[in-house]
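One structure is given below, encoded as structure tokens.
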Amino acid sequence: MNENASNIQREGLSISEACAVAGIGRTKIYQAITDGNLKARKWGKRTLVLRDDLREFLASLPGAA
């Protein structure tokens, strides 16, 4: 594998990857998408979440008391 290829960070995350990055379960991720709180894109059968959209969603969550 090319050394540059190993340093590339993908911008589009699968649902499983978005869950791992955010620390949130699949059901809550899909619920956020359905509610319109998290943007997702479709490419064929795949659902992708952009890293920036995931960051924006997480930043919009209410703070803990």
| remark: Note to self, the chain gives a 222 nm [θ] from helices alone (DSSP H runs n ≥ 4, -39500 (n - 2.57) apiece, / all residues, nearest 500) of -12500 deg cm²/dmol
| At a Förster distance of 22 Å, what's the computed FRET efficiency of Thr34 paired with Ala59, Cβ-Cβ distance as r, to 0.05? | 0.65
| request: Starting from the Cα of Lys42, draw a straight line to each of the aspartates and glutamates and keep only those under 20 Å, dropping any in the same chain fewer than 8 residues away. | output: Glu11, Glu17, Asp52, Asp53, Glu56
| task | Would you indicate which of (i) -0.94; (ii) -0.79; (iii) -0.63 is the value of log10 I(q)/I(0) by the Debye sum over Cα atoms at q = 0.20 Å⁻¹ derived from the coordinates of this structure? | result | (ii)
| Once you put a point 7 Å from the Cα of Ile15 and another 7 Å from the Cα of Lys42, both along the Cβ direction, what distance in nm separates them? | 1.3 nm
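Bear in mind these aren't lab numbers, they're just calculated from the coordinates by the rules spelled out. Given the structure is predicted, the values throughout are model-derived calculations rather than measurements. Cβ: placed from backbone, ideal geometry, glycine included. Neighbour counts: every protein chain shown.
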